[in-house]
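The values are calculated or read from the model by the stated rules, or taken from the named source; none is laboratory data. Here the structure is a predicted model, which means the values were calculated and not measured. Neighbour counts run over all protein chains shown; Cβ positions are idealised from the backbone, glycine included. Protein only, heavy atoms only, side chains kept; ligands, DNA and RNA dropped before computing areas. Shrake-Rupley method; radii C 1.70, N 1.55, O 1.52, S 1.80 Å.
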Amino acid sequence: MRTWIVELALLASLAAVACSDGTSPGTGNVVKVKDNFFDPASLTVTVGQRVMWQWAGSNPHNVTWVTSSGTGNSATQTSGTYDRDFSTAGTYDYYCTIHGTPTSGMRGSIVVR
């Protein structure tokens, strides 16, 4: 019985370490793509973290970067996810080409520190 408890505690510790880099969607680095807005509109992460956009509305949307930095835009879709890793500090602005522009409407930003 005692060995089982130790093994369970070890597994729990390993799971916590595996998710500690922020790349797991459960850590808060998720942007919901809702009907005509991103939630949250601005998200701050640290260098090396991944952000996942998760479609939650019924209208088609995309994630299009204002300044391309070698990373492609998402497809226009009504469900699913899109991920991007951020390896350099800075502010990364994006928008939906259907419902926004770089300066108005459905747009957002990722601040990487």
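What is the gain in length, in nm to one decimal, between ASN36 and ALA89 on full extension, counting 0.36 nm per residue of separation less the C-alpha to C-alpha distance?
16.3 nm
Using a Förster distance of 22 Å, how high is the FRET efficiency between THR97 and ASN59, based on the Cβ-Cβ distance and rounded to 0.05?
Between THR97 and ASN59 the formula returns 0.95.
Just to make sure I understand: if all protein chains stay in place, what is the order of MET106, MET52 by accessible area at 1.4 Å, largest first?
From most accessible down to least: MET52, MET106.
Compute the Cα gyration tensor for segment 46-109, then decide on rounded, prolate or oblate, letting a ≥ b ≥ c be the square roots of its eigenvalues: rounded whenever a/c is under 1.5, prolate when a/b is larger than b/c in the other cases, and oblate in all that remain.
oblate
Can you tell me the order of 54-61, 71-78 when each peptide is scored by its average per-residue count of other Cβ atoms within 10 angstrom, highest first?
54-61, 71-78
Could you order ARG50, ARG107 so the one with the most accessible surface comes first? Probe is 1.4 Å.
ARG107, ARG50
Return, ordered by residue number, the residues of segment 72-99 whose backbone nitrogen is under 19 Å from a label point located 7 Å along Cα→Cβ of ARG113.
Flagged as within label range: 86-93.
Where does each of ILE110, ILE98 land when they are ordered by accessible area, with a 1.4 Å probe and the largest first?
Greatest to least solvent exposure: ILE98, ILE110.
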